[in-house]
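Here's the structure, in structure tokens; my notes come after.
The values are calculated or read from the model by the stated rules, or taken from the named source; none is laboratory data. All of these numbers come straight from a predicted model, not from anything done at the bench. Reconstructed Cβ throughout: ideal geometry from the backbone, glycine too, with neighbour counts over all protein chains shown.
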């Protein structure tokens with residue numbers, strides 16, 4: 001992986017898994033669908049496309065010109081790109097990160113995984129979050145036993161509240177998936 005999470009590259013792979021596109025089209029779709037976890041557009045998008053092409057995760061599928069617009073290269077995802085997309089998404093879904101944008105990005109693109117893989121990743125994350133919450137509870141009890149004023153543990157309480165909400169949300173999504181209340185196959189037009 002070129003960068004720690006490379007959310008732009010991940011999003012490009014996900015969008016190209018839907019259909020081949022040129023970078024400008026990808027840029028428009030990212031803006032139109034409010035993928036706000038992506039920053040530095042359009043430069044970051046073009047850099048990501050270059051990296052992904054260099055790493056052979058995407059490949060040019062052709063070039064085209066519409067009217068008087070400049071010629072544009074259309075890219076498609078490779079088999080290696082599909083495998084990388086799935087691996088990255090599973091990793092981001094399973095492992096909590098201090099940067100909460102990472103989880104938002106992974107959830108935004110979760111439909112790129114087959115349903116059973118997505119469910120396994122969410123269950124793994126739920127188990128990890130449960131462990132984090134148990135650790136936080138023990139830590140807060142120990143600090144209270146030492147006589148530390150509660151005002152000095154507010155940040156731990158805030159993290160606990162965020163993880164508790166996340167865990168409730170994950171459990172709700174898993175329940176909806178188990179009941180068939182969420183459509184997994186969605187067609188996206190770019």
Scanning segment 140-152 residue by residue, those assigned to a helix (DSSP H, G or I) and surrounded by 12 or more Cβ atoms within 10 Å (Cβ to Cβ) turn out to be 140, 143, 144
In segment 59-94, residues that are farther than 23 Å from residue 121 by Cβ and surrounded by 11 or more Cβ atoms within 10 Å (Cβ to Cβ) total 10
When (1) within 20 Å of the chain's Cα centre (by Cα); (2) modelled with pLDDT of 95 or more; (3) surrounded by 13 or more Cβ atoms within 10 Å (Cβ to Cβ) are applied to residue 53, the one that fails is (1)
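Confirm whether residue 170 is farther than 26 Å from residue 11 by Cα and not assigned by TED's automatic domain parsing to the domain that holds residue 30.
Details: farther than 26 Å from residue 11 by Cα: no; not assigned by TED's automatic domain parsing to the domain that holds residue 30: yes.
Here the answer is no, as residue 170 does not meet what is asked.
Yes/no matrix, rows are residues, columns are (1) out of contact with any strand residue (DSSP E or B) (no Cβ under 9 Å at 6 or more places or on another chain); (2) touching a residue at least 40 places away in the same chain (Cβ under 8 Å); (3) closer than 21 Å to residue 103 by Cβ:
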{"position": "30", "(1), (2), (3)": "yes, no, yes"}
{"position": "35", "(1), (2), (3)": "yes, yes, yes"}
{"position": "40", "(1), (2), (3)": "yes, no, yes"}
{"position": "53", "(1), (2), (3)": "no, no, no"}
{"position": "67", "(1), (2), (3)": "yes, no, no"}
{"position": "74", "(1), (2), (3)": "no, yes, no"}
{"position": "81", "(1), (2), (3)": "no, yes, no"}
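Quick check on this structure: which one of 137, 155 is surrounded by fewer than 10 Cβ atoms within 10 Å (Cβ to Cβ), more than 22 Å from the chain's Cα centre (by Cα) and part of a helix (DSSP H, G or I)?
Working: 137 fails: surrounded by fewer than 10 Cβ atoms within 10 Å (Cβ to Cβ).
From the options 137, 155, the qualifying one is 155.
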